[in-house]
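Remarks on the structure that follows.
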Protein chains: 2
Amino acid sequence: MNIGILGTGVVGQTIGTRLIELGHNVMLGSRLANNEKGRAWARVQGSQASHGTFAEAAKFGEILFNCTSGMGSLSALEFPSKSDLTNKVLIDVANPLDFSRGMPPTLTVSNTDSLAEQIQRMHPLLRVVKALNTMNVDVMVHPERLHGPHDVFICGNDDLAKNTVTEILTDWFGWESVIDLGDISNARGMEMVLPLWISLQRKLGTAYFNFKIVK
Amino acid sequence: MNIGILGTGVVGQTIGTRLIELGHNVMLGSRLANNEKGRAWARVQGSQASHGTFAEAAKFGEILFNCTSGMGSLSALEFPSKSDLTNKVLIDVANPLDFSRGMPPTLTVSNTDSLAEQIQRMHPLLRVVKALNTMNVDVMVHPERLHGPHDVFICGNDDLAKNTVTEILTDWFGWESVIDLGDISNARGMEMVLPLWISLQRKLGTAYFNFKIVK
């Protein structure tokens, strides 16, 4: 399958590399077509990999991942043409974290709104599914690296899109437990867990952990 | 030990009842001395139980629990005299949830501040420890009712106070894993997890669950 990833940072590169290992074709998109990180990644990955602009990656992908920094997501999503986004599933991995005032970061949007909702409002025909934003990127694509079962949350307004994302999470990445929280407004809670995640990372001295819901 | 609990709702009553079972003396405090819920609870619980005003409960307790509704916590903490709060440990269980605009509730304070920090700033000599705000009240005092290990988070500026609270959680309530996140600013993350908790409660159809950190 052709996958378009918006963002050439460590999240986009790690997900892209995993998708290539799984046999897919991946284009990383960035603001500028000659982005050095995108070009270097594509050179190493070989023939299944390419890089281009946000608009080109959105056009290329049958499924899209938003792996831009949260503060840059909305401006990145201004570049693709509406027709290249219509009816496509976009997996929104980003968190609206503002590091400009030092550590720990704050959220640029929270409580009464979320980044995922902003993206969904901006592109009503895009099928936005929030997922994978509550763990380190290596854990996203290698959940088996933690010891014992743990959970990934998803939410979105389109049930078929959530079915697609659930298959990607389980059949491609190996997740054993996917918890569908409901419509896209549940992204508020998923994004607002980040301050706790950051406290835990500092306390535990590692990013290799995740939440498990115990009943 | 004499314990003062601010709040006569289900959280205050449940924690109070558990503390009485454990052999302690408990006073529930409310805005009015003749609060019907406080009086009814004390009548049922017997000689170890009493009820009074917020000021009387704060004076009575060697250790205090804040079990008021989050929107009423700051005004409740205006009643006790400063001398009755000085150097005492206050376990802040409350969440600053605003239900006035319907479900799901929003947070009255979040992201750059928290209820626990507001309380700590209001009473600098009170030793505020945020704890137990991320699970149902029955799970707070009976963690063994869930299946398998799970975690309770604490934070606060006073290490000795956190040691005291950790002993209460482990030796009194039976918690096996207490994660100290650091200073009181970590209460932001602990309180901001509530929207996810509420989504999970609706999804799972039960309040009997909790978070476990898997490494």
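Please count how many residues of segment B:118-134 are touching a helix residue (DSSP H, G or I) at 6+ places or on another chain (Cβ under 8 Å) and either closer than 17 Å to B:LEU194 by Cα or surrounded by fewer than 16 Cβ atoms within 10 Å (Cβ to Cβ) (or both). Residues meeting the conditions: 7. Selection within segment A:53-65: residues that are buried (at least 23 other Cβ atoms within 10 Å of the Cβ) and of a type in the set (A, V, I, L, M). The member of this set that is farthest from A:SER185 (Cα to Cα) is A:ALA57.
A quick yes/no check of all residues on (1) hydrophobic (A, V, I, L, M, F, W, C); (2) surrounded by 20 or more Cβ atoms within 10 Å (Cβ to Cβ):
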{"site": "A:LEU19", "(1), (2)": "yes, yes"}
{"site": "A:GLY29", "(1), (2)": "no, yes"}
{"site": "A:ASN34", "(1), (2)": "no, no"}
{"site": "A:ALA40", "(1), (2)": "yes, no"}
{"site": "A:CYS67", "(1), (2)": "yes, yes"}
{"site": "A:SER73", "(1), (2)": "no, yes"}
{"site": "A:SER81", "(1), (2)": "no, no"}
{"site": "A:ILE91", "(1), (2)": "yes, yes"}
{"site": "A:ALA94", "(1), (2)": "yes, yes"}
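Residues that are farther than 24 Å from A:SER83 by Cα, at least 1 per element: which helices (runs of 4 or more DSSP H) completely within segment A:5-70 meet that? Break it down into steps so the answer makes sense when it comes.
Details: elements: A:10-21, A:36-45, A:54-60.
Here the list reads A:10-21, A:36-45.
Does B:GLY182 satisfy the condition of being at positive phi, in contact (Cβ under 8 Å) with a residue 24 or more places away in the chain and of a type outside the set (D, E, K, R)? The answer is yes for B:GLY182.
Taking each residue of segment A:18-38 that is closer than 20 Å to A:GLU144 by Cβ and looking for partners that are aliphatic (A, V, I, L, M) and not in a strand (DSSP E or B) with beta-carbon atoms closer than 8 Å, six or more apart or interchain, yields A:ARG18/A:VAL141; A:HIS24/A:MET1. Tell me whether segment B:100-109 contains one or more residues that are closer than 15 Å to B:PHE65 by Cβ and not in a loop (DSSP other than H, G, I, E, B). No, every residue in segment B:100-109 fails to be closer than 15 Å to B:PHE65 by Cβ and not in a loop (DSSP other than H, G, I, E, B). Among residues of segment A:87-111 that are more than 14 Å from chain B (Cβ to nearest Cβ) and at negative phi, those with a beta-carbon under 8 Å from a residue that is among the aromatic types (Phe, Trp, Tyr) and not in a loop (DSSP other than H, G, I, E, B) at least six positions away or on a different chain give the pairs A:LEU90/A:PHE65; A:ILE91/A:PHE65; A:VAL93/A:PHE65. Filtered by the rule that a residue be under 18 Å from A:LEU196 (Cβ atoms), within 14 Å of chain A (Cβ to nearest Cβ) and either under 14 Å from the mean Cα position of the chain (by Cα) or among the charged types (D, E, K, R) (or both), segment B:137-169 gives B:VAL139, B:ASP151, B:VAL152, B:PHE153, B:ILE154, B:CYS155, B:GLY156, B:LYS162. One residue stands out among those in segment A:181-191 that are within 7 Å of chain B (Cβ to nearest Cβ) and either in contact with an Asp or Glu (Cβ under 6 Å, 6 or more places away or on another chain) or surrounded by 21 or more Cβ atoms within 10 Å (Cβ to Cβ) (or both): the one that is farthest from B:GLY189 (Cα to Cα), which is A:LEU181. Restricting attention to segment B:26-49, the residues that are within 17 Å of the chain's Cα centre (by Cα) and over 11 Å from B:THR8 (Cβ atoms) add up to 1.
Could you say whether any residue in segment B:79-88 is farther than 30 Å from B:LEU200 by Cα, in a helix (DSSP H, G or I), modelled with pLDDT of 95 or more and in contact with a Gly (Cβ under 9 Å, 6 or more places away or on another chain)? Yes, segment B:79-88 contains at least one residue that is farther than 30 Å from B:LEU200 by Cα, in a helix (DSSP H, G or I), modelled with pLDDT of 95 or more and in contact with a Gly (Cβ under 9 Å, 6 or more places away or on another chain). Restricting to segment B:192-215, and then to whatever is within 21 Å of the chain's Cα centre (by Cα) and either more than 7 Å from every other protein chain (Cβ to nearest Cβ) or of a type in the set (Val, Ile, Thr) (or both), can you tell me which residue is surrounded by the fewest Cβ atoms within 10 Å (Cβ to Cβ)? My answer is B:THR206.
Does B:PHE173 satisfy the condition of being surrounded by fewer than 23 Cβ atoms within 10 Å (Cβ to Cβ), touching a residue at least 24 places away in the same chain (Cβ under 8 Å), more than 13 Å from chain A (Cβ to nearest Cβ) and hydrophobic (A, V, I, L, M, F, W, C)?
Numbers: surrounded by fewer than 23 Cβ atoms within 10 Å (Cβ to Cβ): yes; touching a residue at least 24 places away in the same chain (Cβ under 8 Å): yes; more than 13 Å from chain A (Cβ to nearest Cβ): yes; hydrophobic (A, V, I, L, M, F, W, C): yes.
Here the answer is yes, as B:PHE173 does meet what is asked.
The values are calculated or read from the model by the stated rules, or taken from the named source; none is laboratory data. Bear in mind that the values here come from a model prediction, so they are computed numbers and not experimental data. Positions of Cβ are generated from backbone atoms using ideal geometry, with glycine treated the same way; all protein chains shown enter the neighbour counts.
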